[in-house]
Amino acid sequence: MDGHPLWRAVRVLVCLLSLTRQCPAVHIRMSVKEVNDITNVSLSIQNYDQSNTRKPENSDNDNRHRNPEYITVIHGDKQKKIKYTERPYPSFLNPENTVFSTLELPDAESMPTVCNGHVATVVHSDTMYMSGLYNGYNITSHRARLQANSSVSITGFDFDVNTSNYTLDVGRGLYIEQYTSEYVTVTLKTYAHQLLYTLMITEIEVINGYDGPVHLNLSHDQGPPSDDIVISNYTILGDFSLFQGKTKEAEYNDKDRPEFMVISSLVPDSLTIPAGEAVRRLFLTSIDYVPRTALNYFQIGLGFFLNGILESSHTQAWENKIWRKGRIDVGGNKNMSRINYAAMYYLLSEVPDEVGYEPFVGISPGGLAHGALNTDYEGHVFWDQEIWMFPSLLLLYSDKGKNLVKTRVRRHAAAKQYAKQRGYEGAMYPWEVAFSGLNVCPSAECSKYEQHVTGDIAFAFKQYIMMTRDKNFIQNEGGADLITDIASFWKSRMTYNNNRDLYEIHDVMPPDEYHYPVNNSVYTNSVARISLLLPKYALSLINKTADPKLEEIANNTYIPFNDTGKWHPEFDVYTQGTTVKQADVVLLGFPLMVDMTSDTRRNDLNIYEKATPGGPAMTWGMFATGWLELNETAKARDLFNRQFQNVIPPFYIWSEEPEGRGARNFLTGMGGYLQSLLFGYGGFRIFEDRLEFNPTLPPDTTSFNITGVDYLGGYFDLTFDSKHMTVNQTKAAMDEMKIVIASTGQGQTLDVGVIVRYQRCKAALMMV
């Protein structure tokens with residue numbers, strides 16, 4: 001496909017169009033004539049001789065549900081007959097692990113999402129959201145609801161349906177419904193296009209083997225008009241509608257109300273398919289902040305459809321740009337395999353392929369398909385992105401990791417403004433942000449006291465730099481300035497204690513939100529220390545020096561520690577046994593990697609496991625990771641498996657609390673789970689000079705394969721079983737690489753494509 005002239009032309013056109021995304025403040029108003037000029041699709045499509053089409057063969061049972069030779073593709077009054085083709089399923093994926101089917105749909109809250117980081121919906125809901133589009137002043141800011149113009153359902157058949165099947169195919173990024181009778185097959189597909197990012201798509205395909213026409217009734221579930229937007233310039237032009245809009249209320253300033261355009265196919269009340277015909281009908285929605293981009297992508301999508309490559313270009317992107325690049329496979333445990341692929345699908349769907357445009361503000365706990373007022377955290381972004389979702393994405397997809405850290409760079413000015421408002425220097429990030437980057441947190445207590453998020457952001461920056469050594473990001477893309485400003489914030493935030501001769505941080509809320517305000521949250525002080533040390537490391541990579549005062553303060557930051565019992569109090573005056581909300585102190589060992597003895601690590605785990613009666617989904621993965629560090633595999637197994645209480649079949653979404661309670665499609669829990677798999681059972685640890693791994697087989701598995709570890713520009717495939725491990729470098733890194741065995745210190749240079757095999761053990765990848 002990459003070599004096809006049409007494909008090459010479209011790639012060039014998409015690149016050209018993407019340039020318009022860098023100027024979202026420029027709004028192009030278009031006349032009806034200009035719209036018609038753009039949307040008149042001129043295509044060179046082969047017209048096949050209809051006399052060659054296959055006639056219905058109703059008497060032959062073997063032919064009843066065979067694919068036809070040709071199919072008529074239809075959008076409005078445009079239709080063409082093209083050759084029927086199906087792209088084969090990716091050979092490296094096992095459909096048993098990536099295709100989730102059910103005979104009955106779950107409740108509406110447990111339906112899957114389709115998303116590409118720019119536009120998203122919950123399947124069959126009446127709501128669609130676009131990245132960066134929020135309505136509401138200050139703490140009332142929430143995702144601005146759009147009517148789901150592509151939410152099309154089949155509500156009636158004039159023939160008896162024998163079987164109904166509902167499927168989420170995460171391998172190809174498709175939601176599929178199929179209805180079959182003796183001679184008719186009806187298939188509905190919904191997806192957010194991975195290449196043509198403005199498009200939300202529903203297609204209905206009918207293969208009619210009857211000798212008479214068949215009829216389908218359709219429902220277009222748009223729901224009520226949105227209370228969040230003001231519509232202007234609504235127009236119906238032929239077979240599509242078009243309007244421009246703005247949100248009703250800005251977060252802080254009118255520039256927080258960007259204009260946007262929506263162009264959508266009109267949906268009829270019914271479809272009629274003639275005898276013996278195969279028909280595919282398209283319902284397309286394109287939405288963007290730049291009207292010409294929305295219109296052009298609508299045209300390109302329609303052209304792809306009429307050429308028979310709209311779906312295949314989307315599934316090819318999932319195959320080649322995502323799953324072929326990075327994935328996790330376990331042997332012997334089908335349920336875990338499905339949970340792994342589903343969690344990765346939902347997380348990967350949230351990060352757009354292109355990030356040169358302003359509205360991508362990051363990943364919220366419920367994802368882009370959720371975030372209405374007073375639900376699912378309103379679509380706000382906070383520490384969940386950096387601490388819970390980011391690490392696993394970074395390990396396999398450094399480009400997506402960069403997309404996430406750059407969401408914080410783009411809000412650097414807002415963070416500086418917020419620090420100044422609060423009386424501090426540098427850059428301080430609010431606990432929750434949306435479009436403006438300023439505070440939108442509805443909780444006064446969290447807004448005032450939960451300040452560790454600024455340190456969490458610095459920690460993510462450190463991880464990204466250690467995994468990539470991306471000097472251009474540091475020097476030319478805002479990394480150095482932001483890293484320095486975050487350190488300046490913590491420097492101004494600290495209080496010097498003369499009695500201890502150490503720096504402290506007072507009046508904060510730790511990740512354990514049950515307790516506030518407290519002094520010297522051990523977690524907050526630890527991420528502050530990391531923030532203060534980061535400038536020295538990051539700036540050294542571009543031959544610059546940091547203010548030495550930052551390192552001095554870091555080395556003299558008070559970290560609460562009970563020397564008698566060898567454990568970390570969560571904060572000053574914390575007493576053992578006091579109930580805590582979630583993982584807090586246990587995060588010191590991982591992901592923060594605070595230096596401590598194994599006895600201290602064990603004591604922290606024991607003390608806080610007893611003090612944490614519940615906790616959101618991600619808590620138990622961190623306890624499991626801690627016990628794996630200590631080779632306590634039995635304890636780790638129980639806590640790791642506890643996470644599965646939050647998984648909701650049949651489409652493997654997650655809830656915030658066990659058994660469906662709390663926020664749905666809880667990406668934070670999925671991120672914590674994937675970390676317990678990769679950094680827990682994989683044993684990965686990121687250091688300035690190496691990437692360590694210390695594998696253990698996950699529970700009830702026979703093998704553990706990680707494809708595409710993305711380190712220093714190179715790709716590495718690692719496989720583990722009960723006794724052995726292999727490493728295969730599949731792409732050259734920025735320099736020659738070697739594997740070093742921890743127990744002996746012996747190293748072996750790696751060559752691209754040459755597999756090396758060892759007894760399973762602790763080892764590291766590093767440059768020669």
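The values are calculated or read from the model by the stated rules, or taken from the named source; none is laboratory data. Small disclaimer: the values here were computed from a predicted structure and weren't measured. Positions of Cβ are backbone-derived with ideal geometry, glycine not excepted, and every protein chain shown enters the neighbour counts. Protein only, heavy atoms only, side chains kept; ligands, DNA and RNA dropped before computing areas. Shrake-Rupley method; radii C 1.70, N 1.55, O 1.52, S 1.80 Å.
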Radius of gyration and maximum dimension Dmax of the range 81-174, Cα, Å: 17.5, 54
Förster radius 45 Å - calculated FRET efficiency between Ser101 and Asn556 (Cβ-Cβ, nearest 0.05): 0.15
Solvent-accessible surface (1.4 angstrom probe) belonging to Met344, in square angstrom, nearest 10: 10
Answer label, with semi-axes √(5λ) of the Cα gyration tensor in Å calculated from the coordinates and candidates (i) 47, 30, 24; (ii) 113, 28, 20; (iii) 81, 39, 23: (i)
Accessible surface, the chain, averaged per residue in Å² (probe 1.4 Å): 37
For the range 571-657, with +1 on Lys and Arg beta carbons and -1 on Asp and Glu, the positive-most of Tyr608, Asn631, Val580 along the dipole: Asn631
Magnitude of the charge dipole, the range 650-712, Cβ model with Lys/Arg +1 and Asp/Glu -1, debye to 20: 100
For the range 413-421, Karplus couplings with θ = phi - 60° (6.51, -1.76, 1.60), whole Hz, Gly/Pro x: 4, 5, 5, 5, 4, 5, 4, 5, 4
Sequence-distant residues sharing a close amide H with Lys80 (under 5 Å, placed H): Val73
Cleavage-rule hits, GluC sites (Glu not before Pro), the range 654-719, DSSP coil, Cβ neighbours within 10 Å at most 12: Glu688
Percent RCO, i.e. relative contact order, over the range 202-301, from Cα pairs under 8 Å lying at least 6 residues apart: 35
Rounded percent of accessible protein surface that carbon and sulfur make up, the chain, 1.4 Å probe: 46
The range 141-190 pair-distance distribution - Cα-Cα, 10 Å bins, rounded %: 20, 40, 28, 9, 3, 0
Under the Debye formula (equal points on every Cα, no solvent term), log10 I(q)/I(0) of the range 526-685 at q = 0.13 Å⁻¹: -0.70
Highest to lowest packing among 324-331, 102-109, scored as the average C-beta count within 10 Å: 324-331, 102-109
Ratio Rg/Rh, restricted to the range 64-132 and using Cα atoms, in which Rh is the Kirkwood radius: 1.05
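Relative to 2.2 N^0.38 Å, what does the C-alpha radius of gyration of the range 555-642 come to as a ratio? Two decimals please.
Normalised Rg, Cα atoms only: 1.04.
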P(r) histogram, all alpha-carbon pairs of the range 173-282 included - 5 Å bins from 0, percent: 2, 9, 15, 17, 16, 14, 10, 7, 4, 3, 2, 1, 0
Total charge dipole magnitude, the chain, about the Cα centre, Cβ charges on Lys, Arg, Asp, Glu only, Debye to nearest 20: 1700
Equivalent ellipsoid semi-axes - Cα gyration tensor, the range 529-578, angstrom: 33, 9, 8
Globularity index of the range 645-747, i.e. its alpha-carbon radius of gyration over 2.2 N^0.38 Å: 1.31
The range 220-291 and the range 390-404: distance between their alpha carbon centers, rounded to Å: 32
The chain, relative contact order [Cα under 8 Å, separation at least 6], %: 11
Student exercise, the range 316-454 dipole from Lys, Arg, Asp, Glu Cβ charges, in Debye to nearest 20: 380
Whole-Å distance, taken between Cα centres, linking the range 155-210 and the range 514-589: 52
Thr72 accessible area, assembled protein chains, probe 1.4 Å, Å²: 10
The range 670-768, relative contact order in percent, only Cα pairs under 8 angstrom and at least six apart counted: 24
Quotient of Cα Rg and 2.2 N^0.38 Å for the range 435-479, N being how many residues it contains: 1.52
Mean-position separation - Cα centroids, the range 325-343 and the range 651-715, in angstrom: 10
Integer Hz, Karplus 6.51/-1.76/1.60 couplings in order for the range 79-95, x for Gly and Pro: 8, 9, 9, 10, 5, 7, 9, 10, 6, x, 5, x, 5, 8, 9, 9, x
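Determine the equivalent ellipsoid of the range 305-443 by diagonalising the alpha-carbon gyration tensor, then write out the semi-axes as square roots of 5 times the eigenvalues, largest first, rounded to whole Å.
After scaling each eigenvalue by five and taking roots: 32, 18, 15 Å.
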Eligible lysines near Lys80 by straight Cα distance, threshold 24 Å, same-chain separation 8 or greater: Lys55, Lys189
